[in-house]
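Throughout, read-outs are computed from the coordinates displayed, never taken from laboratory work. Every value quoted in this text rests on a predicted model; they were computed, and no experiment measured them. Note that we place each Cβ from the backbone using ideal geometry, even for glycine, and neighbour counts take in every protein chain shown.
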Amino acid sequence: MSRSVSSVSSSRSGSFFAKLLAILSVAVTIVLVDSVNADAEAANPKYAGIVVDAKTGNVLYSENADRLQYPASLTKMMTLYMTFEALEQGRIRLDTPVPFSAHAAAQAPTKLGVRAGGTITVEQGILGLVTLSANDAATALGEMLGGGSEDRFAQLMTAKAHALGMTRTTYRNANGLPNTAQMTTARDQARLGIALRQHFPQYYGYFSTRAFKFGSRTIRSHNRLVGSVRGVDGIKTGYTRAAGFNLVSSVQVDGKSIVGVVLGGASTPARDAQMRNLIASYLPKASSRGGSSALIAQAAPAPAMIETPAPVLPQKAQQKAQPQMAQQQVAKTITAAQPPISAAAADLSLPHKGPLPDARYQVAETEVAYAETAQPKSDNPLVAQPMPAPTKVKTMTFKQQASVAVPTPAPAYMPPEQGDTSVDEVTTASTTPSPTRAASTSNGPAGWVVQVGVSPSRQMAMDLLESAKSKGGKALASAKPFAVAYAAGGDQLYRARFGGFDDQRDAVNACKALKKAGIKCWAAAQ
């Protein structure tokens, strides 16, 4: 009897150890494969990468971070930024219908497959972009937000990118399908990743969606790191043959927060392995302190292109009406617009390894009334560029230049690995104040201001400020209310502003307090 029991026990013990050895073997194999993929990725001539501490703005790692490369579907991050902004401003809702034109329906895969004349909701469009990276949905959203024109929406995307400090990024479409003039850098994509998380926390959760139901289909996310790497909460993948395999990842865990970017990956496994390697290597070096104020200042709102959802026409009728609809949309008056962006503003201080894209469009008949930006006090590499107040515009005419200088990627070469990449505190974006504007105080107190609205009279502007101050609490206790007059379309209007803030952080915190009280605002330097 004892021999029988001993024999059974020995057999089970042997089986257990055999299984344990098999598991360990698989684990070691996975680690070795990831290591090989990461090493191969680092030797890839297309490769560019960056890791940024999202709490301090310090660059923890960078390789070719300022080299111009193709964004591929990372483009959709800006399409989503513009969508979230429109939602926050109340110009659209999550259930607003998004019509599909023939152009949107004809986009190459991956796609939702909606026919021309059909519609989806804004929320379905968002989910389609963050999971499937649906090209047709991105184009449909772009056309809706661009007043019927994807080209115009791309111009708005570029203006917004520059407003956020993404000075080397140029957009040509809403989905990232191949276009040789559509370029970005790893550093710019890191800025956008941080801006999405900081500016729209109420919508950022969509990036962690792993699957959603679309009709009878279950669409699963392309982002394999969400749910498989601890702390990863998004953001976006991308691929075209020219771009390679791209990925932006956000990580928040144990009080630390980083954003990593990998561009030009050789394959999906190699790209993902490199991102895992970057997270494992540099998350421990990130700070657990800071994060009390936004690193990327929220720029002035984009033009209010959408007032009501566009009508949905049958397929044939829509195709016939498309040219007329587009022509009518171009003639519409735009009530607010992005301030003009200087090509030299916020230039990168690191050496450029590729040409800076030229301006691709012109805005006509603008009436400019804004304060010049001031030099940021912070040395953080991703510190926010202060944006001027919105410019009032009567009409906007986009003029395509006869010949466009197309930026080309830098030579396919990657220098040897850097020595000490633990912390790179080089400032990556800054602005130079105009000598005449910087000294002027005719528009109110110099320095950082918070604008809460525009009124047709000075008294109404002051009343608006008094009401806002009563709701702002301690953050506005020492703020000085004032009104700035400017002309718009033959009328005199008044910007309602608070001044007297010591620095950017105080202004941003005051604006946050106002937003919590239901008052829309933005901070800018005057």
Could you list, in their original order, any pairs among Lys285/Lys520; Lys55/Lys512; Lys480/Lys516; Lys256/Lys516; Lys160/Lys474 whose Cα atoms are separated by more than 27 Å? Lys285/Lys520; Lys160/Lys474
Can you put Thr167, Thr184 in order of Cβ neighbours within 10 angstrom, beginning with the fewest? Thr167, Thr184
Taking θ = phi - 60°, what integer Hz values does the Karplus form 6.51 cos²θ - 1.76 cosθ + 1.60 yield along segment 512-526, in sequence order, with x for Gly and Pro? 4, 5, 5, 5, 5, 8, x, 10, 6, 6, 8, 9, 8, 9, 10
For a test of the definition: using alpha carbon positions, the gyration tensor, and the 1.5 limit on a/c, classify segment 125-181 as rounded, prolate or oblate. prolate
If amide H atoms are modeled at 1.01 Å from N in the peptide plane, then the residues at a separation of 5 or more from Lys111, or on another chain, having amide H under 5 Å from its own are Asn135
So if I take the centroid of the Cα atoms in segment 468-526 and the same for segment 99-125, what is the distance between those two points in Å? 40
Measure off 7 Å from each Cα along the Cα-to-Cβ vector at Ser216 and Ala477, then give the distance between these two points in nanometres to one decimal. 6.4
Listing Asp233, Asp66, Asp272 from the residue with the fewest other Cβ atoms within 10 Å to the one with the most, what is the order? Asp233, Asp66, Asp272
Using Cα-Cα distances under 8 Å and only pairs 6 or more residues apart, what relative contact order does segment 444-526 have, in percent? 45
Under-5 Å amide H pairs with Thr121, H placed in peptide plane, nonlocal only: Val98
Hey, can you rank 500-511, 67-78 by average C-beta count inside 10 Å, highest first? 67-78, 500-511
Rounded to the nearest 0.05, what FRET efficiency is calculated for Ala517 and Ala487 with R0 set to 35 Å and r the Cβ-Cβ distance? 0.70
Could you tell me which of rounded, prolate or oblate describes segment 154-252, using a ≥ b ≥ c as the square roots of the eigenvalues of the alpha-carbon gyration tensor, with rounded for a/c under 1.5 and, failing that, prolate when a/b is larger than b/c and oblate otherwise? prolate
Under Karplus coefficients 6.51, -1.76 and 1.60, residue-wise ³J(HN,Hα) of segment 99-113 in Hz, glycine/proline x: x, 9, 7, 4, 5, 5, 5, 8, 5, 6, x, 7, 7, 6, x
Within segment 444-526: Cβ-based charge dipole about Cα centre, in debye rounded to nearest 20 (Lys, Arg +1; Asp, Glu -1): 280
Applying the Karplus parametrisation 6.51 cos²θ - 1.76 cosθ + 1.60 with θ = phi - 60° to the phi angles of segment 492-497, what ³J(HN,Hα) value in whole Hz is obtained for each residue in order, glycine and proline being reported as x? 9, 10, 9, 7, 8, 9
Radius of gyration and Dmax over the Cα atoms of segment 46-130, both given in Å: 17.0, 48
Counting sequence-distant residues (5 or more places) and residues on other chains, those with an amide H built under 5 Å from that of Trp522 are Gln451
What is the order of Ser149, Ser228, Ser267, fewest Cβ neighbours within 10 Å to most? Ser228, Ser267, Ser149
For the pair Leu94 and Val229, what calculated FRET efficiency results from E = 1/(1 + (r/R0)^6), where r is the Cβ-Cβ distance and R0 = 25 Å, to the nearest 0.05? 0.30
Per its Cα gyration tensor (rounded if a/c is under 1.5, else prolate when a/b beats b/c, else oblate), segment 444-526 is best filed as prolate
